[in-house]
Structure formats: structure tokens, C-alpha cells
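The block underneath contains the structure these notes are about, expressed in C-alpha cells.
The values are calculated or read from the model by the stated rules, or taken from the named source; none is laboratory data. No experiment lies behind these values; they were computed from the predicted model shown. Glycine gets a Cβ as well: all are built from the backbone with ideal geometry, and neighbour counts include every protein chain shown.
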Amino acid sequence: MSAVVRSENWEIRRMQDADLADVLAVERAAYRFPWTGAVFRDCLRVGYGCWLLGYEGRTSGHLILSVVSGEAHVLNLCVHPALQRRGLGRELLAYGLCCAARLGADMVFLEVRPSNRGALALYEATGFSEVGQRPGYYPEYGGRREDALILARSLTPMD
């Protein structure tokens with residue numbers, strides 16, 4: 001899918017190598033344990049769905065999505081903390097789910113920290129349900145680990 005402009009203020013487009021410095025700045029602002037540039041470069045290199053959210057002309061978020069054998073996996077969904085709770089994450093997620101469906105996925109999965117209440121609310125509001133847990137999945141300070149909730153939703157229309 002090509003870039004989508006939903007309003008005068010924002011757009012979603014494919015991420016490029018030239019965007020990585022800005023993407024990393026957003027990632028570092030949003031997460032205690034951000035992805036590295038090498039991880040983003042690998043995602044671009046292997047052909048994952050990598051999209052950038054631009055808001056008022058500035059890089060403000062991103063989505064990384066893998067689609068394999070009828071399943072999609074949201075690997076990273078991020079909106080700059082100063083712009084959260086404005087519907088931008090919902091739009092970015094909806095765009096990615098539409099792309100996943102067009103690529104033949106009928107299910108989508110993701111992991112989320114139980115402590116990330118904002119993300120949980122977004123995912124539940126968009127039809128995701130808990131299907132499992134991954135013990136000790138996320139790093140925490142002091143060498144501790146936080147479990148991940150595994151969420152899933154169907155991309156197949158209900159009859």
C-alpha cells in the first residue's frame with residue numbers, strides 16, 4: 001500500500017534507511033529499553049512491513065510488522081509520548097492490519113507488557129484478546145524481567 005494521508009497533519013509511509021535517526025529518537029523517547037538501529041536495519045533488510053508516521057512534518061511514530069504463512073506479527077508499534085492518546089497509534093495499527101490482510105494474513109499476534117496500560121487499552125479496543133503469556137520476556141532494570149501478554153485477533157471478516 002502507498003502512503004495514506006488521513007488529515008492535513010499526518011501521513012503514513014514506508015520507512016527508509018534515511019529515516020532511522022529520527023525513528024531511533026522516537027523509539028528512545030517512548031521506551032525504557034528501545035530497539036537499536038541494527039534491529040531496525042535488519043527489519044528493513046529482510047523486507048518486514050516498516051512504516052513511518054509523520055505528524056506535522058516530523059517523524060512521530062513507526063510500525064514494524066512481519067507477515068508469514070497467513071499470520072502477521074506486530075513487532076513494534078510506537079508513537080512519541082508527547083503525541084500519544086490522540087488516535088495516531090490506532091490509525092497506524094489499522095493501517096498495518098489492512099496491509100497484513102492484503103498480504104494474506106488472517107490472524108495477527110503481538111506481545112505487550114502488562115504494565116503498558118495505554119497499549120493494552122488500544123489493543124483491546126481494536127479487537128485483540130489475550131491468548132497466552134511469555135514469562136520473563138521483557139528486560140527490566142536491575143536484571144529483573146517482565147512477562148509479556150500474547151494478544152491475537154482475527155483479520156477474517158465475521159459473517
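Can you pull out the residues in region 83-97 that are free of Cβ contacts under 8 Å to residues at least 24 places away in the same chain and small (G, A, S)?
Of everything in region 83-97, just one residue is free of Cβ contacts under 8 Å to residues at least 24 places away in the same chain and small (G, A, S), namely G87.
Among L63, L52, L92, L75, which is touching a Phe, Trp or Tyr at 6+ places or on another chain (Cβ under 6 Å) and either part of a strand (DSSP E or B) or closer than 19 Å to L122 by Cβ (or both)?
Matching residue, one of L63, L52, L92, L75: L63.
Of (1) within 28 Å of A18 (Cα to Cα); (2) of a type outside the set (D, E); (3) touching an Asp or Glu at 6+ places or on another chain (Cβ under 7 Å), G136 satisfies all except one. Which?
(1)
Does A121 satisfy the condition of being part of a helix (DSSP H, G or I), of a type outside the set (S, T, N, Q) and free of Cβ contacts under 8 Å to residues at least 24 places away in the same chain?
yes
State all residues of region 16-25 that are more than 17 Å from R45 (Cα to Cα) and either surrounded by fewer than 16 Cβ atoms within 10 Å (Cβ to Cβ) or in contact with a Gly (Cβ under 6 Å, 6 or more places away or on another chain) (or both); if no residue qualifies, say none.
Across region 16-25, the qualifying residue is only A25.
For E130, indicate whether it is among the acidic types (D, E) and without any contact (Cβ under 8 Å) to a residue 24 or more places away in the chain.
So E130 passes the test.
Here's a check for you: in region 1-58, which residue that is among the β-branched types (V, I, T) and over 29 Å from E140 (Cα atoms) is modelled with the lowest pLDDT?
V5
Identify the residue in region 46-57 that is among the aromatic types (F, W, Y) and in contact (Cβ under 8 Å) with a residue 40 or more places away in the chain and, among all such residues, is surrounded by the fewest Cβ atoms within 10 Å (Cβ to Cβ).
So, considering only residues that are among the aromatic types (F, W, Y) and in contact (Cβ under 8 Å) with a residue 40 or more places away in the chain, the one surrounded by the fewest Cβ atoms within 10 Å (Cβ to Cβ) is Y55.
Which one of these is surrounded by fewer than 17 Cβ atoms within 10 Å (Cβ to Cβ) and closer than 26 Å to N9 by Cβ: T156, T126?
T126
May I ask you to say which residue of S69, S115, S60 is more than 26 Å from R145 (Cα to Cα) and surrounded by fewer than 14 Cβ atoms within 10 Å (Cβ to Cβ)?
S69
So A29 ticks every box in (1) closer than 23 Å to V112 by Cα; (2) hydrophobic (A, V, I, L, M, F, W, C); (3) surrounded by 17 or more Cβ atoms within 10 Å (Cβ to Cβ) but one. Which box is left unticked?
Here A29 clears every test but (3).
Restricting to region 98-118, what's the tally of residues that are touching a residue at least 12 places away in the same chain (Cβ under 8 Å) and either out of contact with any strand residue (DSSP E or B) (no Cβ under 6 Å at 6 or more places or on another chain) or part of a strand (DSSP E or B) (or both)?
Counting residues in region 98-118 that are touching a residue at least 12 places away in the same chain (Cβ under 8 Å) and either out of contact with any strand residue (DSSP E or B) (no Cβ under 6 Å at 6 or more places or on another chain) or part of a strand (DSSP E or B) (or both) gives 13.
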